[in-house]
1. Looking at the stretch 94-139, which of its residues are in contact with a His (Cβ under 8 Å, 6 or more places away or on another chain) and acidic (D, E)?
2. For the stretch 87-114, which residues satisfy the criterion of being out of contact with any Leu (no Cβ under 9 Å at 6 or more places or on another chain) and crowded, with 16+ Cβ neighbours inside 10 Å?
3. Within the stretch 15-35, is there a residue that is without any contact (Cβ under 8 Å) to a residue 60 or more places away in the chain, assigned to a helix (DSSP H, G or I), farther than 30 Å from A147 by Cβ and not acidic (D, E)?
4. Give the residues of the stretch 114-138 that are among the small types (G, A, S) and part of a loop (DSSP other than H, G, I, E, B), sorted by residue number.
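Only the coordinates and a few stated rules stand behind these numbers; no lab work does. Just so you know, these numbers come straight off a predicted model, no measurement behind them. Cβ sites come from the backbone with ideal geometry, for glycine too, and all protein chains shown count toward neighbours.
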Amino acid sequence: MFAFTEPVITVTKTSLTQQVDTLTEAGAKAFDHVEQIVDLNLCMLRASFEQSTDVARQMITAKTAQEFLAAGAAQWQPQGEKLRTYGRHLADLASTVRKDLSTVAQERVVESNRKMIGIIETATKNAPAGSAPAVALMKSVLSNANAGVEQFSKTTRQAVEAMEGNLAAAVSRYAKPAAKASRRAQK
């Protein structure tokens, strides 16, 4: 029985190693995308700060109330456009995240299946008579490993879809009032 226990241990170790590799690769990609989102947010914040500073200077130097109000109203259209652009960039990043994480998970599932099938085939060929329960255990380990990777992939897709939906809702919620204010300011 010892000769057959070794392949079971090998299958288990391989399965766990592949799961850790999948999570590591997915985590690295997620951190890369978080960095991109932080960079986008910082750029948006910097541009907004600079524009607000310029508008404040224009308002301070205004000689009439009409110039003062015009300087304040003039900021709405550029801000609305920046917000729409920001939303598009976020949506693009979210789409890229989903695609990257799905690709990682799918590639790992294919690789995992291929390796596990090879290990199981080797182990069952060398298995002594009466080792059917151990073969069943190995197949169960493979099935559980694949189910774990598939669940990770499914959860990742759901999380990214939820993030995309929230981003789209936020952009539309803030873009509509900005566009409306911009139209009022132009009148």
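1. Looking only at the stretch 94-139, we keep the residues that are in contact with a His (Cβ under 8 Å, 6 or more places away or on another chain), and these are 96-97, 100.
Correct list: D100 only.
2. Taking the stretch 87-114 as the starting set, the residues that turn out to be out of contact with any Leu (no Cβ under 9 Å at 6 or more places or on another chain) are 88, 92, 95-111, 114.
The answer is V97, R98, D100, L101, S102, V104, A105, R108, V109.
3. The answer is no; no qualifying residue exists.
4. We begin by selecting, within the stretch 114-138, every residue among the small types (G, A, S); these are 118, 123, 127, 129-132, 134, 136.
Matches in the stretch 114-138: A127, A129, G130, S131.
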